[in-house]
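Asks: Okay, handing you the structure first.
The values are calculated or read from the model by the stated rules, or taken from the named source; none is laboratory data. It should be emphasised that the depicted structure is a prediction, and the values quoted were computed from it without experimental measurement. Cβ coordinates were reconstructed from backbone atoms using ideal geometry, including for glycine residues, and neighbour counts include every protein chain displayed.
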């Protein structure tokens with residue numbers, strides 16, 4: 001079939017028109033400019049942003065000292081979850097300059113439980129850490145369809161800064177997310193430092209998932225894994241009633257064999273953050289029972305018909321004490337498992353049943369937190385023991401939400417009941433840098449008439465000027481001098497030094513200052529075995545019930561056999577755990593009615609074999625402990641061992657130290 005030229009031309013023109021009409025929208029679409037993306041849009045992790053707001057000068061005025069001039073500042077910080085996994089228990093760290101005062105911050109609490117206003121730098125703190133409250137978890141945009149209220153936390157901050165007058169507003173030195181799953185590389189922190197004065201400054205950073213983090217915990221993603229520490233506290237909500245709930249507090253010592261600490265007459269305190277008050281307690285009691293603060297406070301204004309006469313405590317920071325043993329079966333105050341033990345908590349290796357203490361309380365809530373599922377634990381947890389006892393100092397972290405605790409069914413059926421919500425507080429022993437021991441050790445041996453006493457000022461130096469020397473080494477003693485107080489040893493020590501031709505310092509060395517001393521005496525040494533005597537002296541003013549000690553024997557541990565009058569257990573790590581047998585577990589106090597004063601004392605022989613410790617040199621120092629602990633406290637030990645004619649070995653295992661010792665002790 002043939003086509004005319006005119007027909008072909010019309011066909012080409014029609015085809016061109018159709019193609020143009022098809023391509024025109026596409027070309028037009030390609031020419032459209034996509035909206036610019038913000039740094040938050042480009043972050044597939046957790047986006048942190050800090051925007052500085054209004055900053056104004058406040059009193060007092062220091063026109064001649066600009067560095068001292070205070071300024072009020074306002075800022076907004078935000079935590080945005082742009083990842084595909086939830087961010088549980090988020091914590092935001094802001095590194096403000098020292099002396100910055102944070103007056104208030106919305107939707108958060110300070111992680112260490114401190115109250116506002118908070119002064120940065122006090123107690124050695126670096127910046128400030130915020131913990132989301134009541135919204136401590138950030139969900140993902142996927143599961144919430146991008147609901148900004150569920151994937152972002154916003155913090156309005158008001159505070160006081162010093163120096164650097166406007167418009168040069170001060171930003172924090174650093175900002176990061178405290179979460180093991182994410183890394184906030186400071187190199188990626190972006191600061192807006194060139195904005196015009198009219199535009200608030202800001203800083204932001206995108207925290208990305210840590211590729212090295214491997215969460216193998218079987219716990220659900222909704223909860224953080226439980227942690228270990230020297231002591232843990234569980235806060236379990238057992239029942240919830242809307243405007244109140246019943247919780248159980250369980251204090252538990254670590255089950256690790258390398259942690260041997262105790263608490264006597266424990267005192268537990270915390271800080272309520274939402275106006276709560278305590279209706280009643282069971283298994284413990286508060287140091288103050290006073291409804292007055294509620295009756296005349298905001299609680300009384302809200303609960304107009306509430307009977308506050310029966311309220312247990314209205315303090316913002318209540319303190320709890322354990323009940324005495326006599327109230328264990330009291331139907332009103334006792335009958336809580338693990339309660340009522342006079343506040344004594346022992347190491348798990350000593351007695352698992354005595355390593356736990358618990359009590360319950362009913363908490364009344366305040367608006368707007370009156371929903372049955374709106375549950376928030378108190379903060380600023382602190383636990384300590386009575387003064388004078390061998391109680392370590394603990395530092396406790398913030399409560400972390402964990403999987404609900406399980407409890408055996410009260411009916412006896414083989415089932416468990418679950419708590420509604422659970423939090424865990426981890427506390428670890430903290431030893432200040434300048435702290436002194438409260439016990440010390442002396443060394444002696446059958447092969448040497450002299451005792452190497454506790455070091456001078458082992459447990460602290462007395463407040464003296466010229467009466468004694470705090471630096472002179474302790475003088476060697478005759479064995480009988482261990483049985484008398486230090487004030488009565490002077491004459492014996494001087495007479496012994498004169499008889500043995502030892503050097504006599506002037507002034508004489510000060511005492512060890514310890515309330516408890518332990519003598520380790522190498523008693524025998526044979527071809528196949530050897531023995532020692534361990535004697536404990538109590539020079540204090542109080543009895544010590546249920547005492548325990550741990551002895552580290554680096555060279556002789558494998559040969560340990562038995563303590564004859566004490567209960568000794570080899571627990572690993574070259575450590576022998578020692579406690580009194582029945583009848584020998586009570587170390588009485590010093591008897592001041594005698595002249596001289598007579599210390600409370602207990603003694604036992606301990607035997608070792610040499611089969612598993614070939615080459616051991618007992619007399620040269622292998623028969624002495626390298627560390628000794630009493631009731632969880634590490635004791636001060638001498639730096640030298642007693643020596644014999646055939647041994648010139650120091651505590652360091654070399655002859656050099658012994659030769660130096662000769663120059664110090666002998667004329």
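Asks: For segment 591-604, give me the residue count where each residue is assigned to a loop (DSSP other than H, G, I, E, B) and in contact with a strand residue (DSSP E or B) (Cβ under 8 Å, 6 or more places away or on another chain).
Replies: Total satisfying the criteria: 2.
Asks: For segment 401-459, give me each residue that is buried (at least 20 other Cβ atoms within 10 Å of the Cβ) and at positive phi.
Replies: Within segment 401-459, just 457 meets the criteria.
Asks: Mind checking which residues of segment 102-122 are over 21 Å from residue 154 (Cβ atoms) and buried (at least 18 other Cβ atoms within 10 Å of the Cβ)?
Replies: 112, 113, 114, 120
Asks: Further question on the same structure: Are there any pairs with C-beta distances below 6 angstrom linking a residue in segment 482-510 that is on the phi > 0 side of the Ramachandran plot to a residue that is in a loop (DSSP other than H, G, I, E, B) and modelled with pLDDT under 90, with the two at least 6 apart or on different chains, and if so which?
Replies: Final answer for the pair search is 501/667.
Asks: Kindly provide the set of residues from segment 322-353 that are surrounded by 15 or more Cβ atoms within 10 Å (Cβ to Cβ), free of Cβ contacts under 8 Å to residues at least 24 places away in the same chain and not in a loop (DSSP other than H, G, I, E, B), ordered by number.
Replies: Matches in segment 322-353: 327 only.
Asks: Restricting to segment 546-581, and then to whatever is without any contact (Cβ under 8 Å) to a residue 60 or more places away in the chain and under 32 Å from the mean Cα position of the chain (by Cα), can you tell me which residue is nearest to residue 610 (Cα to Cα)?
Replies: That would be 557.
Asks: Taking residue 123 as meeting all but one of (1) farther than 22 Å from residue 85 by Cα; (2) touching a strand residue (DSSP E or B) at 6+ places or on another chain (Cβ under 9 Å); (3) not in a strand (DSSP E or B), write down the number of the exception.
Replies: Just one mismatch for residue 123, condition (2).
Asks: Please indicate, with yes or no, whether at least one residue in segment 69-84 is under 22 Å from the mean Cα position of the chain (by Cα), closer than 30 Å to residue 369 by Cα and not in a loop (DSSP other than H, G, I, E, B).
Replies: No, the conditions are met nowhere in segment 69-84.
Asks: Hey, among 471, 489, which residue is farther than 20 Å from residue 644 by Cβ, assigned by TED's automatic domain parsing to the domain that holds residue 544 and surrounded by fewer than 17 Cβ atoms within 10 Å (Cβ to Cβ)?
Replies: The conditions single out 471.
Asks: With respect to the numbered conditions (1) part of a loop (DSSP other than H, G, I, E, B); (2) at pLDDT 85 or above, which one is the sole condition not fulfilled by residue 114?
Replies: (2)
Asks: Okay, moving on. If we scan segment 281-291, do we find a residue that is part of a helix (DSSP H, G or I), touching a strand residue (DSSP E or B) at 6+ places or on another chain (Cβ under 7 Å) and either closer than 30 Å to residue 106 by Cβ or at pLDDT 95 or above (or both)?
Replies: Looking for residues that are part of a helix (DSSP H, G or I), touching a strand residue (DSSP E or B) at 6+ places or on another chain (Cβ under 7 Å) and either closer than 30 Å to residue 106 by Cβ or at pLDDT 95 or above (or both), one finds none in segment 281-291, hence no.
Asks: Continuing with this model, one more query. Could you list, in sequence order, the residues of segment 544-559 that are surrounded by fewer than 21 Cβ atoms within 10 Å (Cβ to Cβ) and part of a strand (DSSP E or B)?
Replies: 545, 552
Yes or no, residue by residue, for (1) surrounded by 21 or more Cβ atoms within 10 Å (Cβ to Cβ); (2) at pLDDT below 95; (3) over 13 Å from residue 399 (Cα atoms):
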| residue | (1), (2), (3) |
| --- | --- |
| 233 | yes, no, no |
| 244 | no, no, yes |
| 253 | yes, yes, yes |
| 257 | no, yes, yes |
| 261 | yes, yes, yes |
| 265 | no, yes, yes |
| 274 | no, yes, yes |
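Asks: Can I ask one more? Residues of segment 560-590 being closer than 25 Å to residue 541 by Cβ and assigned to a strand (DSSP E or B), which ones?
Replies: Once the filter is applied, which keeps residues that are closer than 25 Å to residue 541 by Cβ and assigned to a strand (DSSP E or B), segment 560-590 yields 566, 578, 579, 580, 586, 587.
Asks: Here's something else I'd like to know. For residue 524, indicate whether it is in a loop (DSSP other than H, G, I, E, B) and not assigned by TED's automatic domain parsing to the domain that holds residue 265.
Replies: For residue 524, the condition - in a loop (DSSP other than H, G, I, E, B) and not assigned by TED's automatic domain parsing to the domain that holds residue 265 - is not met.
Asks: Report, ordered by the first and then the second residue, all pairs with beta carbons closer than 6 Å, sequence separation of six or more or different chains, a first member in segment 285-302 that is closer than 30 Å to residue 357 by Cβ, and a second member that is in a helix (DSSP H, G or I).
Replies: Filtered contacts from segment 285-302: 291/308; 294/300; 294/308.
Asks: Can you tell me which residue in segment 126-141 is surrounded by the fewest Cβ atoms within 10 Å (Cβ to Cβ), limited to those that are touching a helix residue (DSSP H, G or I) at 6+ places or on another chain (Cβ under 9 Å), in a loop (DSSP other than H, G, I, E, B) and modelled with pLDDT of 90 or more?
Replies: Across segment 126-141, the extreme among qualifying residues is 140.
Asks: Can you tell me which of 532, 495 is outside any loop (DSSP other than H, G, I, E, B) and within 23 Å of residue 587 (Cα to Cα)?
Replies: Of 532, 495, the one residue that is outside any loop (DSSP other than H, G, I, E, B) and within 23 Å of residue 587 (Cα to Cα) is 532.
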